[in-house]
Amino acid sequence: MKIIELILDEMQDLMGIQAISIVENPAIEENFVAFNAQEVQFAKQDEEKRILLGAALIPNKPIYRNNGEEEFYVYFTKDTIRRASEMFFQNGNQNQSTLEHQAELQGLSVVESWIVEDEQKDKSRIYGLEMPVGTWMVSMKVNNDDIWNNYVKTGKVKGFSIEGYFVDKVNFSKQELESIEEQEAKLILSQIDSIIKEENLAEVALESYSDYPDAVKNNAQRGIDLNKEVNNKCATDVGKIRAQQLAQGKPISVETIKRMHSYLSRAEEYYNEGDTKACGTISYLLWGGLAGKRWAESKLKELDQL
């Protein structure tokens, strides 16, 4: 089955965790600890703490999903979990909770939250929980008699499960890469337009260079070949044209080298050498890959353009 990384797109509204649900079967397979002992002596000696403590998200933990068409697993990295936990409070969602992802609940609030930084010294160890570094832990206060008496005490709910909106990194990466390439295309068109508008067009000369190494040409050709294998679904026309130029060893202008360096610097995070079907990998190779980035950076320094 596919394993998909879920990430945040902070440019989109409602992104992140909207609520925490208490459920019988937590997707992360970790039960919470329910507290009813006193830490402070209240006026009424039978006062209960009514605190639930447990993991809300565990990094790199495969979570089974079935959308009705296919089965797959999703997971979250440490960085995504940390940012999601921050946004949860920034968006004021600490009082948002549900029962089994269905009924909205009143009287439940997240009162404590932290990221596990040390497996051995973390507070969760006190309560017999062994959580990996990067886990998001929460404590939830239950001021709801029905939920506490009929669900927590009876064991009908055993753990936390998050509710929210995330994006598939594979599809998001493709959109981001296309956006970067579109930006490069606009810059190229802008430069061409400014040249065309020059009064003495015949006097306009563009310096160009073709001394990039064979590794750049080979990367571009490999990107072309890999793209054919996936029916040319990756990259915009700009990326495909750039690959043809590089693969054939054609000279490219200083401005093109700048665009090349800009694109390869920003898109490097989407490059995965081990995944030759990913658009992030293919698009990166079309622009010359890591060898192209190194050459472009070196060339721009040589020309005092960086």
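The values are calculated or read from the model by the stated rules, or taken from the named source; none is laboratory data. Small disclaimer: the values here were computed from a predicted structure and weren't measured. Glycine also receives a Cβ, built like all others from the backbone with ideal geometry; neighbour counts cover every protein chain displayed.
Only one entry of E255, E207, E163, E182 meets the criterion of being farther than 18 Å from L300 by Cα and modelled with pLDDT under 85, and that entry is E182.
Scan segment 77-119 for residues that are of a type in the set (D, E) and under 21 Å from the mean Cα position of the chain (by Cα) and the total you get is 3. How many of the residues in segment 225-265 are hydroxyl-bearing (S, T, Y) and in contact with a strand residue (DSSP E or B) (Cβ under 9 Å, 6 or more places away or on another chain)? Residues meeting the conditions: 2. Taking first residues from segment 57-74 that are in the same structural domain as V116 (by TED's automatic domain parsing) and under 30 Å from W114 (Cβ atoms) and partners that are surrounded by 13 or more Cβ atoms within 10 Å (Cβ to Cβ) and among the small types (G, A, S), the Cβ contacts under 6 Å between residues at least 6 apart in sequence or on separate chains come to P59/G134; I63/A27. When segment 91-126 is filtered for residues that are within 23 Å of N60 (Cβ to Cβ) and loosely packed, with under 12 Cβ neighbours inside 10 Å, the ones remaining, listed by number, are E117, D118, Q120, K121.
Just one of the listed residues (I252, I257, I282, I241) is aliphatic (A, V, I, L, M) and under 28 Å from I3 (Cβ atoms), namely I282.
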